[in-house]
Amino acid sequence: MNAFDQAKPRRKVHKTVKSIDVELIMIKNDPFPGQRACPEGKYAELFSKMKPGQCLSCEPDEVQPLGAAMRKWIASQDKVDKLEVRTMSRFPGDSRGRVWLIAKEAKLRKVA
């Protein structure tokens, strides 16, 4: 009991770990692939077909994951200083989300 005569706090229920059935485990001679199964990403083929200025239309809850995946793809292609990503979760007119691939503008040098 605690000091203010309240009910005793309930203990956390610990989940039991499912035991592994040794009979189902097998030894195989598969070689290690040396890399991840999908090294370039799920959307890499789709992103590589896009040109700067084009956008993807998707559901509003898919905008942020697609935007993050596109930013990661841009970084993996070493195009961070050339391309950027802009997102909008509800585009006016159809209320679907948009993810744009936009070319960065070249910065002008200042003349001293």
Any idea how many residues of segment 40-63 are acidic (Asp, Glu) and over 23 Å from ARG90 (Cβ atoms)?
-> 2
Go over the candidates GLY53, GLY97, GLY93, GLY67 one by one and state the one that is surrounded by 12 or more Cβ atoms within 10 Å (Cβ to Cβ), over 19 Å from GLU40 (Cα atoms) and either at pLDDT 95 or above or among the small types (Gly, Ala, Ser) (or both).
-> GLY97
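The values are calculated or read from the model by the stated rules, or taken from the named source; none is laboratory data. Because the structure is a prediction, the values reported are computed rather than measured. Backbone-built Cβ (ideal geometry, glycine too); neighbour counts: all protein chains shown.
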